[in-house]
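Undergrad: Dumping the structure here so I can ask a few things about it.
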Amino acid sequence: MSRHLRAIELTARIGDETVRLRRGGRGNRHELVEVRDETGTLTHRLPVQSRNASEETLSDWLLDLLGIRDKLNSVSLGRGGNAPLTFDDLLHYLYLPQDSLDQRILFPASHDERRRALFDLLFDLSNPEWQKLQGEIRKVDKQIRSTKTQVNRFRNFLSESETTNVQAITSEIATLKQRERDAVNRLSQLRDNAQNADSAHAELRRELEAARARADTAEARVDQVDDELREARRRVTALDRESFETTSTISHVEHCPACRTDLTGRETPPGHCGLCHEPLTAPESANAGNTDARQRAVDTVTSTEARAGRARDEAKAARAEVDRLRTLLNERSATTLAPFTDAISEAAAEVETIRTRLSMLDRLREPHDRIRQMQDEILDLRKQREELENRKNEIAPLVVDKESFFETLNNEFRDAIDIQQVPWYAGRARIDPDTYLPVVDGQSFHEHGSGVKCAIAVAYSVALMSYAIKFGPCDMPMLLVIDSPRKNVGNNDEDLAFSRRIYRNFLDQIAVRGELARPYQVIVADNDLPEDIAKQVKLVSFDYPATPFIPGIEDPHGEEDDEVEQRYYGGEPD
């Protein structure tokens, strides 16, 4: 059938509004649900499940229409204490699936906290502000439990070895701290003694410093003369280049400047003009000035090279003097400091050993420090919890009187059980004021048989709706949908009579509401409704082929079971 299903549409009246909800047949939780008003105008597209914290969902919108969104959001549940109640939780109070009627009361046991919190809010046994504080207290309690667990884990680990015992660690740290102070003082005294013994060589040290200064000056002078030598050589090179360019221009003429005749084929004798072939006496005379300048530059290079040589020799001698004085000082210092060297090395090694051990002990003490820190956190959390409890106690948690409420609700529940005439019922039925669960003849829900459990589950929901209709005001929506309540009851005459009494419960317990005008709706899905009951209710049938559930689709179940059975026992092959 699923391949034929394209969409599902529901028309519902919530408060004063009539809405139409339409959703695709794929059932994707992120699929958008179309919301239209009674004229068919699209008003919203809402996801079933939000994709981010700020996105409004179908649940939020429905709770807004019911006027209880803020009330349900005031409750924070779950491990992180950040899961509010939703329309999905409310639906457990409104819809009883067939497979859960003999399994639980409304919610699975794992969601018991959500069931009770929603019960409090729906029937005004609590208010949002009180619930919010209660949620904050639950968060603090969770933090306290978590921190205590960590403290115990640290303590168990640390108590298993003497090396992690806090008393032993503290005692050793105190001892090592004193040893460290003594070792540092001893090392300092040895270094002072060594420095005093070595002070006799102060004059030699001053000579060494003076020699180093002279060597630095000599090396600076070498750098200066080298710069001057490079400049002189550059000048000689520049003059040579200038002389070459002048001679080359006169000796080699490619074209006559008057008629532009090509002259490259003629051979010009050396030292003659490339144009007229006359000796170059005049140019040589003009170049005499360049020759003199070049000679002076060459003389400068020669003298500078001599000065550079002397400067290098002086620097070498100065550096040799520095090396001589340093060697002499090292020899004399070694002789003077020899008695102190081993003692200073041993004292320094002792200080380092002590500090290494102290560092390791500090790391071993860190878990103990962490325990003290967590214990302080627990104290702070307990103070915070006490403040929250005081604030909560200042608020009246009950909107209605709890004792009076349960007295009235128990009457409704007993009436529902009485009408059903549950087998072996001894006349004792109540709803526990602490767990909000039914107790029949002193037994909890799960202690009864399957059929009785089904009857108790139906009676419980009927009692809640009956209370809401007759005695409100409360926020319990006036809708109850029950799927196949008779399937969990047997098929003999007594069982069929029992199942009929379950239906009679709806008529006698809910329908009799005097002059109260609060609207309600009960929907029961059943394939075999008792005839007398069917005459007293509005019956909507989905039968193939006349009125199929989905028009245009063939009967997905094929032949009726009794027809198949008749053909089989009549001798025809199945």
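Undergrad: When a/c reaches 1.5 or more, the comparison of a/b and b/c decides; with that in mind, is the stretch 301-384 rounded, prolate or oblate per its Cα gyration tensor? Working shown, then result.
TA: Values: a/c = 9.63, a/b = 2.59, b/c = 3.72.
Judged from the Cα gyration tensor, the stretch 301-384 comes out oblate (a/c at least 1.5, b/c at or above a/b).
Undergrad: Given H placed on each backbone N at 1.01 Å, which residues far from residue 429 in sequence or on other chains put an amide H within less than 5 Å of it?
TA: 441
Undergrad: Cross-link candidates for residue 538: which lysines have Cα within less than 26 Å, leaving aside residues fewer than 8 places away along the same chain?
TA: 470, 487
Undergrad: Continuing with this model, one more query. Determine the share of the stretch 86-133's accessible area contributed by carbon and sulfur atoms, expressed in whole percent, with a 1.4 angstrom probe. Working shown, then result.
TA: Values: 900 of 1860 Å².
Looking at the stretch 86-133 in its full context, I get 48 percent from C and S.
Undergrad: Can you give me the solvent accessible area of residue 39 with a 1.4 Å probe, rounded to the nearest 10 Å²?
TA: 110
Undergrad: How much of residue 177 can a 1.4 Å solvent probe reach, expressed as accessible area in Å² and rounded to 10?
TA: Roughly 90 Å² of residue 177 is accessible to a 1.4 Å probe.
Undergrad: A further question follows. Could you check how many percent of all C-alpha pairs in the stretch 49-109 are farther apart than 17 Å? Before the final figure, lay out each step's value.
TA: Details: 901 of 1830 pairs.
When all Cα pairs of the stretch 49-109 are counted, 49 percent exceed 17 Å.
Undergrad: Once you have the Cα-Cα distance between residue 407 and residue 426, take 0.36 nm times their residue separation minus that, and quote the gain in nm to one decimal.
TA: On the way: separation 19, 0.36 × 19 = 6.84 nm, distance 1.91 nm.
Extra length from residue 407 to residue 426 when fully extended: 4.9 nm.
Undergrad: Still on this model: Within the stretch 346-411, what whole-number % of the accessible surface is contributed by carbon and sulfur, with the 1.4 Å probe and all protein chains included in the calculation?
TA: Numbers: 1940 of 4330 Å².
Carbon with sulfur: 45 percent of the solvent-accessible area.
Undergrad: At 1.4 Å probe size, with every protein chain present, just tell me what the per residue accessible area of the stretch 303-426 comes to in Å².
TA: Working: 7840 Å² over 124 residues.
Counting only protein heavy atoms, the per-residue value for the stretch 303-426 is 63 Å².
Undergrad: In whole Hz, with x marking every Gly and Pro, tabulate ³J(HN,Hα) for the stretch 120-137 from phi via Karplus 6.51 cos²θ - 1.76 cosθ + 1.60, θ = phi - 60°.
TA: So the J values, rounded to whole Hz, are 4, 6, 5, 9, 6, 7, 8, 10, x, 5, 5, 5, 4, 5, 4, x, 5, 5.
Undergrad: Please list, ordered by chain and number, the residues whose modelled amide H lies under 5 Å from the amide H of residue 14; skip anything fewer than 5 residues away on the same chain.
TA: Under 5 Å from the amide H of residue 14: 19.
Undergrad: Which FRET efficiency value, to the nearest 0.05, is calculated for residue 12 and residue 435 with the Förster distance at 35 angstrom and r the Cβ-Cβ distance? Show your work: numbers first, answer last.
TA: Working: r = 32 Å, r/R0 = 0.92.
For residue 12 and residue 435, the calculated efficiency is 0.65.
The values are calculated or read from the model by the stated rules, or taken from the named source; none is laboratory data. Quick caveat: nothing in here was measured; it's all calculated off a predicted structure. Note that each Cβ is placed from the backbone with ideal geometry, even for glycine, and that neighbours are counted across all protein chains shown. Side chains are part of the model used for accessible areas, which takes the heavy atoms of the whole protein and leaves out ligands, DNA and RNA. Shrake-Rupley method; radii C 1.70, N 1.55, O 1.52, S 1.80 Å.
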